[in-house]
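Before any comments, here is the structure.
The values are calculated or read from the model by the stated rules, or taken from the named source; none is laboratory data. Predicted, not measured: the structure shown is a model, and the values here were computed from it. A quick note on method: Cβ atoms are made from the backbone with ideal geometry, for glycine too, and the neighbour counts reach across all protein chains shown. Heavy atoms of the whole protein, side chains included, go into the accessibility calculation; ligands, DNA and RNA do not. Shrake-Rupley method; radii C 1.70, N 1.55, O 1.52, S 1.80 Å.
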Amino acid sequence: MPGLLSSSLRAFWLIAAIGMTAPAHAAAPRYLAETYVAKQSDSLVDLAVDLDLGFLELFAANDGVDPWLPGEGTEVIIPSTHLVPDGPHKGIIVNIGDQRLYYFPGKGQPMESWPIGIGREGFDIPLQQFSITAKRKHPTWVPTASMRAAKPELPASVGPGPDNPLGDYALNLGSSLYRIHGTNMPYGVGRRVSSGCIRMYPADIETLFNKVPVGTPVRVVNQPAKLGWIDGDLYLEVHPEGEQLDELEVNYTFEPQLAPEFEEQVARVAGDQVERVDWSVVVRTWAHRTGVPMRITRTAGEELIGEAPPPRVAAYPDARPGLDRAEMPRSRTLPTVPEGPRQTRPAWSDMSSARRIPEPAVAPAVRPDAGGSSEPARVPGAGVW
């Protein structure tokens, strides 16, 4: 299927990083994404699973669209392209800021990326360097003593199978109880609902599990704003964070908000090209935080780039509209992961009431061992999730 982006753009974003440049390119697209025309039976919840996207990243790109009933003919923005986080591109980068995991296999192989579920407020994984110390297929989940004290009905352990919240694969991070693992509740991917562990869709964790060796470095960062040079133009991608994510989940929208450091960060990356920056686009892009990479530098002869978010199709005339759902690409963070079994649609009884994503199984509100529990980290199979 011909994509929105030229072949050079599709390839270059994989190495787009702060400070990197490329030859000038005329008529650069104003933003990097696809569009999809919704059918009556569609929901953003199902689209996120089908297209290997996180729920909240899809919601953020479609501010105000009802995720349960977008409506026949509604044009949905698909955030199918992502800039990579800043820093060394080696091993795994877990970016809490955009709720994605990036894997850099090295040896000339292309980077891969997948959506993740992260810890809810107060249960974030530490921003630090880890390494994969063990790979476990069909793991047994052992709740910590602190979890069972807070919720006595929890079993002593849960073996492999459909009731295991770790799914079929788990990667241990250092000597901590933090894991990168699958899930038996895919509707928790792309949301802040875990007790600190990193959740992935079943097909995605299987792919990652089969690729990464023990000893792979894992760096956890928080970069909600990313910048990258693509064909001589600077793109900015900003995601909602913290309370904005909570507000987005409840109201399907959030209050636009700038970050204090936004001017400094953009100017530092723009360098001697800062005069090309259209600051009106920077402000709108940063405030509305759609997660869609927006071009923020003017091309030759261009006085202003034009309208930017909020993300309505009218604001994005460069989009390729009318894609058929069967032809839609999975997230363009290459390559496409193997298709897993389609997840069943969640049930709801009253469509006139607030339509919330089904709550995945959430561990009780206790800190993981790495955050102060007395449970020893060496307990086999134990872990937060």
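For this structure, a couple of remarks:
- Evaluating Ser146 against the criteria (1) open to solvent by less than 20 Å² (accessible area, probe 1.4 Å); (2) at pLDDT below 90 leaves one unmet condition, (1).
- Residues in the range 205-242 that are acidic (Asp, Glu), within 18 Å of Ala287 (Cβ to Cβ) and not in a loop (DSSP other than H, G, I, E, B): Glu237 only.
- Just one residue in the set Phe254, Phe262, Phe209 is in contact with a Pro (Cβ under 9 Å, 6 or more places away or on another chain), surrounded by fewer than 24 Cβ atoms within 10 Å (Cβ to Cβ) and of a type in the set (Phe, Trp, Tyr); that residue is Phe254.
- Residues that are at pLDDT below 95 and hydroxyl-bearing (Ser, Thr, Tyr) within the range 71-112 comprise Thr74, Ser80, Thr81, listed in sequence order.
- Cβ pairs under 8 Å, 6+ apart, first in the range 94-123 and in a loop (DSSP other than H, G, I, E, B), second at pLDDT 90 or above and polar (S, T, N, Q): Ile96/Asn222; Gly97/Asn222; Gly97/Gln223; Asp98/Gln223; Ile116/Gln99
- Total residues in the range 27-67, condition open to solvent by 10 Å² or more (accessible area, probe 1.4 Å) and within 14 Å of Thr253 (Cβ to Cβ): 4
- Test: residue in the range 185-192 that is over 16 Å from the mean Cα position of the chain (by Cα) and either among the aromatic types (Phe, Trp, Tyr) or open to solvent by 10 Å² or more (accessible area, probe 1.4 Å) (or both): yes
- Search result, residues across the range 30-45 that are at pLDDT below 90 and assigned to a helix (DSSP H, G or I): Val45
- Number of positions in the range 233-245 that are crowded, with 16+ Cβ neighbours inside 10 Å and either more than 14 Å from the chain's Cα centre (by Cα) or among the acidic types (Asp, Glu) (or both): 7
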